[in-house]
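J.: Following this message is one structure expressed as structure tokens.
Every read-out reported here was derived from the displayed coordinates using simple, explicitly stated rules and does not represent laboratory data. Note that the structure is predicted; figures quoted are calculated from it, not measured. No Cβ is skipped: glycine too gets one built from the backbone with ideal geometry, and neighbour counts run over all protein chains shown.
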Amino acid sequence: GLVLPPAVNSCDELWAALWRDECAVRKVADRQHFGGYLEQGAFDAKRDGPKLGIEASEAAVIDPQHILALLLASRCFEDAGEATMQEALAKPDRFGIYLGAWQAAPVPAERRPSAYRVLGTSLAAIASRVANTYDIQGPAITVNTACSAGLVAVNAAMRDLRAGAIDFALVGGLNLLSDDALFTDLSRANFLSPTGACHTFSAAADGYARSEGGVLLLLARDDGRRPCRALVRGSATNQNSRRRPMTAVDPVAQERVIRAACADAGVSPSQLAVVECHGTGTKLGDPVEVSALAATVGAGRGDGTACQLTAAKMLFGHLESGAGALGLLKAVLMAQRKEVPGDDVPKVNPAVTEAMQGAALSLPKAAGVKLEEGALIGISSFGFAGNNAHAIVEVAPAERRLLGRPGSGCAAVAPPAPLP
């Protein structure tokens, strides 16, 4: 299930948007800052709340992210298909929710007292609200590692799926741009792009552009037969070292998390065909990320192929706590359709070009790239407090791969790789 700016509401719409190459970040009349804003027709908390079981009086005062989570869950379950959801909900204690979120909506200064705010303004209660609505009785966890939260949530779910604690997991992340003061603070800290876009890999890189929306996916423990969009093979998380300031990018930590995710998947970094990068579009961050990729996926490739680097932020901006989930969904769609959408970087950041020297890496191609059976895709997501995540997705065998028909919303989590 997804809602992305300005009004992308399905996997088919997302795939079409990835090929259109149009940036969703813009200036809108009633907002002070550039952003990837959702159109009112895509999401309206007061309108959508009652449709999702939230009384109008409650919907008017709670954090709209609670309602967005319910909308995403509803769409995810519809996409998964009735048979899959009946199977998942038949054992509610074997079903978990792992959801990334990082900033609660501000409470108006002129607020009226309301008992609904006790839970309704808590990030911790977002996953629990979804669980309560659907009577899901496994783990219900809201993860907050800021920009990496969506993919860190996936890593947590994978651990429980592989341990046999659960059979299904609802995973992902969301973000709403409801606090204009946060834009100002992030600008003062030199995070945001004054030109209002994520110029990933580009010489125009000058910071990131904030965006809102969310993505939830259904993961199932793999039995070797389940039809699925793609296989999720492995994942890992780690933290930057203290040799750098907490918000500074750490190439060594990025290398470590990529190698750890590949080890978890039982593959070599040099086997990755594509990496969906964190790619915020900063002068320093992009070259550091590419240098870490050059030392891992771009090294030791004896087959003459190059790993394709992609980044959804070029089109959708930075969903912050939802960004890793968008990266995972894009990777799943690429695996399902065996294709990398076309993109273009007119003038590459010279520091990125330098970081790529001698490495088997390739920047996005306007014509796109076809993927082979069994191709591997990496996804990176890095939090601004130093928490990093990486995951590995594989093109599923042809006889198991579902191609967009109803009931194709599930990704299967492969068993852990054998220990060396």
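J.: For region 2-413, what relative contact order do you get, as a whole percent, if you take Cα pairs closer than 8 Å and at least 6 residues apart?
T.: Once normalised by length, the contact order is 22 percent.
J.: How large are Rg and Dmax for region 2-413 when calculated on the C-alpha trace, in angstrom?
T.: Cα-based Rg and Dmax for region 2-413 come out at 19.9, 66 Å.
J.: Under 13 Å from the Cβ of Ala359, count the other residues' Cβ atoms, weight Lys and Arg +1, Asp and Glu -1, and hand me the total.
T.: Local charge sum for Ala359: -2.
J.: When Lys and Arg each count +1 and Asp and Glu each count -1, what net charge do the other residues less than 13 Å away from Phe183, Cβ to Cβ, add up to?
T.: Charge balance near Phe183 sits at -1.
J.: Relative to the Cα centre, what is the charge dipole magnitude of region 242-352, using +1 at the beta carbon of each Lys and Arg, -1 at the beta carbon of each Asp and Glu, and rounding to the nearest 20 debye? Spell out each step's value before the answer.
T.: Numbers: 12 positive and 11 negative charges, 51 e Å.
In debye, rounded to 20, region 242-352 gives about 240.
J.: Applying the Karplus parametrisation 6.51 cos²θ - 1.76 cosθ + 1.60 with θ = phi - 60° to the phi angles of region 47-54, what ³J(HN,Hα) value in whole Hz is obtained for each residue in order, glycine and proline being reported as x?
T.: Couplings: 7, 7, x, x, 5, 9, x, 9 Hz.
J.: Still on this structure, I have one more. Could you check the simple spin-label distance between Glu354 and Ala16, using points 7 Å along Cα→Cβ, in nm with one decimal?
T.: Between Glu354 and Ala16, the label points sit 4.3 nm apart.
J.: Test of understanding: ordering Thr195, Thr282 by Cβ neighbours within 10 Å, fewest first, what list do you get?
T.: So the residues, fewest neighbours to most, are Thr195, Thr282.
J.: Normalised radius of gyration for region 236-373, please: alpha carbon Rg relative to 2.2 N^0.38 Å, two decimal places. Can you show the working numbers first?
T.: Values: Rg = 14.5 Å, N = 138, 2.2 N^0.38 = 14.3 Å.
Rounded to two decimals, the normalised Rg is 1.01.
J.: Shifting gears a bit: Using the basic label-point model (7 angstrom from Cα toward the beta carbon), what is the Ala163 to Glu372 distance in nanometres?
T.: A separation of 3.7 nm, rounded to one decimal place.
J.: Now for a separate question. Arrange Lys365, Lys51 by Cβ neighbour counts within 10 Å, fewest through most, would you?
T.: Lys51, Lys365
J.: Amide H of Arg26: which non-local residues (sequence gap of 5 or more, or other chain) have their own amide H closer than 5 Å, using H built in the peptide plane?
T.: Gly35, Gly36, Tyr37
J.: Looking only at the chain, where both bridge partners belong to it, what percent of the DSSP beta bridges are antiparallel (to the nearest 5)? Intermediate results must be reported in sequence, preceding the final value.
T.: Working: 30 of 59 bridges.
Bridges in the chain that DSSP calls antiparallel: roughly 50 percent.
J.: Is there a quick way to get the dipole size of the chain? I mean about its Cα centre, with the Cβ of Lys and Arg at +1 and of Asp and Glu at -1; what is the value in debye to the nearest 20?
T.: Working: 40 positive and 43 negative charges, 98 e Å.
With only Lys, Arg, Asp and Glu charged at Cβ, the dipole is about 460 debye.
J.: Using θ = phi - 60° and the Karplus curve 6.51 cos²θ - 1.76 cosθ + 1.60, what whole-Hz ³J(HN,Hα) does each residue of region 254-265 get, with Gly and Pro shown as x?
T.: Once rounded to whole Hz, the list reads 5, 4, 4, 6, 5, 5, 5, 5, 5, 4, 5, 7.
J.: Expressed in nm to one decimal, what extension gain is obtained for the pair Ala203 and Ala299 from 0.36 nm per residue of sequence separation less their Cα-Cα distance?
T.: 32.1 nm
J.: Could you tell me which residue out of Leu376, Ala60, Pro341 lies farthest along the dipole of the chain toward its positive end? Charges go on the beta carbon: Lys and Arg +1, Asp and Glu -1, centred on the Cα centre.
T.: Result: Leu376, furthest along the dipole toward the positive end.
J.: Another one. From the residues Ala248, Tyr134, Phe183, which one has its Cα farthest along the dipole of region 113-256 in the positive direction, the dipole being from +1 and -1 charges on Cβ of Lys/Arg and Asp/Glu about the Cα centre?
T.: Ala248
J.: Quick one: if the Förster radius is 51 Å, what FRET efficiency do Arg243 and Gln32 give, using the C-beta to C-beta distance and rounding to 0.05?
T.: That pair, Arg243 with Gln32, gives E of 0.85.
J.: Next up: Around Leu192, under 12 Å between beta carbons, what's the net of Lys plus Arg minus Asp minus Glu among the other residues?
T.: Within the 12 Å Cβ shell, the charges total -1.
J.: Would you mind getting me the FRET efficiency between Tyr116 and Leu284? Use the beta-carbon distance for r and R0 = 45 Å, nearest 0.05.
T.: After rounding to 0.05, the efficiency reads 0.55.
J.: Read phi for every residue in region 124-139 and hand back ³J(HN,Hα) as whole Hz from Karplus 6.51 cos²θ - 1.76 cosθ + 1.60, θ = phi - 60°, with x for Gly and Pro.
T.: 4, 8, 5, 4, 5, 5, 4, 4, 5, 5, 9, 6, 8, 10, x, x
J.: May I pose another question? Would you look at the GNM of the chain, springs on alpha carbons closer than 10 Å, and say which of Arg225, Arg233, Arg112 moves the most?
T.: Most flexible of the set in this elastic network: Arg112.
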